[in-house]
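Chemist: Handing you this structure, nothing more for now.
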Amino acid sequence: MISFDKQSDKIQQTQMVVRTVAENMMRPVSRQMDEDEGAIPWDYINFMHTAMKSMGAASLVPQPESNGTADKRPRATYQLMAHNIEGLSWGDAGMYLCTPRGGLGSAAVEAAGTPEQKKKFLSRLNEEDPIFTAMAITEAQAGSDNSAIQCRAALDPGTNEWVLNGEKIFVTAGHKAMVDTDGFVVVWATLDPEAGRAGIRSFVIEAATPGIKITKKEKKLGIRSSDTVTFTLEDCRVPFENMLGDPEIKEKQETKGFKSAMQTFNITRPLVAASAIGVARAALEELKRLLAGQGVEIRYGLPRQKLTNVEREVIDMDCMLRSSWLLVLKAVWMSDNGQPNALEAAMSKLHAGEVVTKITQKAVEILGPLGYNRELLLEKWFRDAKINDIFEGTGQINRLIAARQLLGYSGAELR
Amino acid sequence: MYSFDPTEEQQMLIDTVKRYAEKDLREAAREAEEGGALLDKLVQKGWDLGLLQASMPEELGGFGEYSAVTGALAAEELAYGDLAAALAVLTPNLFTLPLLLQGDEAQADQYIPSIVEGAWQPYTAAFIEPYYDFDPNAMRASAKKEGDSYILQGEKAYVPYAAEAPAMLVYADLEGETQAFIVEADAEGLTIGERQKLLGLNALPLHELHLDQVQVAAGARLGGSEGHDFAPLLDSMRVGMAALGVGLARASFDYSRDYAKEREVLGSMIAQKQSIAFMLAEMATEIEATRLLTWEAAWQLDEEWEEASQTAYLAHSGAADMAMMVTDRGVQILGGHGYIREHPVELWMRNGRGITSLTGLALV
């Protein structure tokens, strides 16, 4: 049955907690964390680690159904996760990306790992100290086209270890995963650069493994409390069982591994979109608050011809924000129900990425000299927002994915 | 929790209406538009699907219960076929649903059973006024209490089937509040103007209306002596127009997508070019976003949530922009062919512009 009932007990309870965290632990340090790019929000990290541990939530990225294996952890639904991510990003999108106990690395283990691998790597999320997990896909010459990656993995038959060589850029939380905490990074590498997708596998590299080091820490437009690093791998050796998935496929020239990794995007894209929505809501609420303070009331219900330009802009933003959030909720609802949602995931992401960019840009514009000033957080949200139209597939890549789905075209038919 | 699956009954209804819209309405739409008339038997066939009847309780001659969500789903499918015909099929709702939702018992009993049990009859409503800044909450048509009756005065426009309607609801300002009044066709002082010539919707007879000191009994005020709450009716009109906009846009999207997959230019199908493919992706995304917002507004109306008014307003506002954007691109994707009246996309583009101004022509 069609329902838009937001009053589910669980969502409401956690939303209140999230709101408290956002207001009391994020907003007060938001400016400082932006100005001091290298700072790590440990108070937030430690608090979230303890809170999530006590709630039994393994990570903010929820765990997909694991095909009848004895995994009895409480299942947090994607719908609930989307609400939490939206709420935390309303607080501070950069700090939200510093939420411990997982991230994309553990999502990849969940999606592609064997039961043994999940047990081994994910149980560590529950230890005393918080850890981070990162995912390293992008290379200098392989961004959106990640089937072009050149990072090599080769098996050393003598020691039965994988030996990795190459360079990975734009790794979110790489420093926190490998230096600041005892976490891991999932690195995508190819067994055979000529084989394209068929040669690509993912490998878990744990902190303190010799041969992997951080060679650059990026300085960014926004989301500055989230670190973004370059890894250089030089004869980095990991055990045979650290290659994610069934070891059988290591011999076969097939794309199963690549596809399963790509499928995690159908789950994570709406969640990235949820983060975008949180930033957009923050900006729109702040805009309305400041306008109200200057005596501008938005007269909902009037015909457009009677509205001022500012009112029209704000009403358009309300409309974009609400409908964009509903696209997210539908996409995560499909994830929760195990329905194929490549189209809906791409649409939610491309829409939210554009909406948050527009709303934050407009908010700064409408407030004129106030909007441009660093005394308010609006200019920061304007900078934070833009990443949502870029990472986890740029707006253009998501349009391409959506168009292929809508037209029934393969990658070769619509390039 | 949020959930996005229609019920089984709703799905059956969607399928039934879709078949009618695709087969019957779509095929007849061009001729109806050019000839300026809808086929009576097609409108009757739409009436016989039982959309209104299914939203009425048994004691009023129907066989179901009212739901704005179901109404929105049905309206979307109808407009997927043809907007003019959709509005014609839904015209009796303009009179009957407000009586069900806000009328008193005497009003409901007097009119609803005979309407619901009979053939399609153009009971209608006079809502829109001929001013650029027409505001449903500040109408210029006025109602004044005089003794045991009300005196109605003013100008109305876009009244469907005004010349054939047995009775209509006339909306007017009563002491700063919009209220509806039941006016019989033969009321003294009621003049039906010429049929209007418009940018689109030429198949649908729409008329101007002049009310010159039209006197109606006190009992003709919708809801009786205490009147009624106008806001939910306006919300329902906005949701209705939004749903029609979504259906109309879907028609244009589907048509231009199919065309793009068959039209070859410079060695490949135009759908294989990103400039076209990305337009289609954006069209589909905006349609889906507006559709969900429309559903949410309808759901909040059914649940009588306070936010319903604002959501309905946003849904209609978004649908107006979306429908124009999508139907414009429908023409653009077909290029020169889109501009020729052999293809339906130019008609949909003209209708698409109407979504913003035609609130009051349908309600769910």
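The values are calculated or read from the model by the stated rules, or taken from the named source; none is laboratory data. Since the model is a prediction, treat every value here as computed from it, not as a measurement. Quick reminder, even Gly has a Cβ in these numbers, built from the backbone with ideal geometry, and neighbours come from all protein chains shown. To get the accessible areas, we keep the full protein, side chains included, count just its heavy atoms, and leave off ligands, DNA and RNA. Shrake-Rupley method; radii C 1.70, N 1.55, O 1.52, S 1.80 Å.
Chemist: Find the sum over both chains of the accessible area lost when B and A are paired, probe 1.4 Å, and report it in Å² to the nearest 100.
Modeler: Details: alone 16450 and 19560 Å², together 31320 Å².
Accessible area lost upon association: around 4700 Å².
Chemist: Between A:C151, A:N373, A:L290, whose Cα lies farthest towards the positive end of the dipole of chain A when Lys and Arg beta carbons carry +1 and Asp and Glu beta carbons carry -1, centred on the Cα centre?
Modeler: A:L290
Chemist: May I pose another question? Straight-line reach only, C-alpha to C-alpha below 17 angstrom: list the aspartates and glutamates that A:K358 could link to, leaving out same-chain residues fewer than 8 apart.
Modeler: A:E285, A:E286, A:E311, A:E313, A:D316, A:D318, A:E379, A:D384, A:D389, B:E282, B:E286, B:D321
Chemist: So for segment A:133-257, averaging the separation of alpha carbon pairs under 8 Å that are six or more residues apart and normalising by length, what relative contact order in percent results?
Modeler: Working: 288 pairs, mean separation 35.4, N = 125.
This gives 28 percent for segment A:133-257.
Chemist: Given charges of +1 on the Cβ of Lys and Arg and -1 on the Cβ of Asp and Glu, with all other atoms neutral, how large is the dipole of the protein assembly as shown about its Cα centre, in debye to the nearest 20?
Modeler: Numbers: 75 positive and 111 negative charges, 611 e Å.
Taking the Cα centre of the protein assembly as shown as origin, the dipole is about 2940 debye.
Chemist: What is the Cα radius of gyration of the protein assembly as shown over 2.2 N^0.38 Å, N being its residue count? Walk me through the numbers before you get to the answer.
Modeler: On the way: Rg = 29.4 Å, N = 779, 2.2 N^0.38 = 27.6 Å.
For the protein assembly as shown, the normalised Cα radius of gyration is 1.07.
Chemist: Given the pairs A:K219/A:K380; A:K219/A:K386; A:K10/A:K119; A:K288/A:K362; B:K41/B:K156, which are separated by over 22 angstrom at their Cα positions? Walk me through the numbers before you get to the answer.
Modeler: Values: A:K219/A:K380 15 Å; A:K219/A:K386 15 Å; A:K10/A:K119 27 Å; A:K288/A:K362 12 Å; B:K41/B:K156 29 Å.
Exceeds cut-off: A:K10/A:K119; B:K41/B:K156.
Chemist: Still on this structure, I have one more. Around B:H210, under 13 Å between beta carbons, what's the net of Lys plus Arg minus Asp minus Glu among the other residues? Kindly include the intermediate steps, with their values, before the conclusion.
Modeler: Working: positive: B:R140, B:K156; negative: B:E129, B:E155, B:E188, B:E194, B:E208, B:D212.
Computed value for this residue: -4.
Chemist: Of A:N388, A:N46, A:N309, which is the most mobile in a GNM of chain A whose springs link Cα atoms less than 10 angstrom apart?
Modeler: The residue with the greatest mean-square fluctuation here is A:N309.
Chemist: Pairing the Cα long axis of helix A:78-91 with the longest principal axis of chain A, what angle in degrees results, from 0 to 90 and rounded to the nearest 10?
Modeler: Once rounded, one gets 60 degrees.
Chemist: In segment A:1-32, what residues drop by 50 Å² or more of accessible area when the other protein chains are put back, versus the chain on its own? Use 1.4 Å, and skip ligands and nucleic acids.
Modeler: When all protein chains are present, A:M1, A:I2, A:S3, A:F4, A:D5, A:K6 each give up 50 Å² or more of accessible surface.
Chemist: With all protein chains present and a 1.4 Å probe, how do A:K6, B:K23, A:K118 order by accessible area, largest first? Each step should come with its number before you reach the end.
Modeler: Numbers: A:K6 70, B:K23 130, A:K118 35 Å².
Descending order: B:K23, A:K6, A:K118.
Chemist: Give the cross-link partners of B:K45 among the aspartates and glutamates, using a straight C-alpha distance below 17 Å as the criterion and excluding same-chain residues fewer than 8 apart.
Modeler: B:D15, B:E22, B:D24, B:E27, B:E77, B:D82, B:E117
Chemist: Helix A:256-293 versus the longest principal axis of chain A: what angle, 0 to 90°, nearest 10, using Cα atoms?
Modeler: 20
Chemist: Can you tell me what share of the DSSP beta bridges in chain B is antiparallel? A percent to the nearest 5 is fine.
Modeler: Working: 29 of 33 bridges.
Restricted to chain B, the bridges split so that about 90 percent are antiparallel.
Chemist: Calculated from DSSP H runs of 4 or more alone, at -39500 (n - 2.57) each and per residue, what is the 222 nm mean residue ellipticity of the protein assembly as shown, nearest 500? Can you show the working numbers first?
Modeler: Details: 24 runs with 368 residues, N = 779.
After summing the helix terms and dividing by residue count, I get -15500 deg cm²/dmol.
Chemist: Need the list of lysines near A:K259 for cross-linking: C-alpha distance under 22 angstrom, and skip anything on the same chain fewer than eight residues off.
Modeler: A:K118, A:K168, A:K250, A:K349
Chemist: If you don't mind, another one. Two-decimal Rg/Rh of chain A from alpha-carbon positions, Kirkwood Rh? Numbers along the way, then the final one.
Modeler: Numbers: Rg = 21.6 Å, Rh = 22.1 Å.
That ratio is 0.98, to two decimals.
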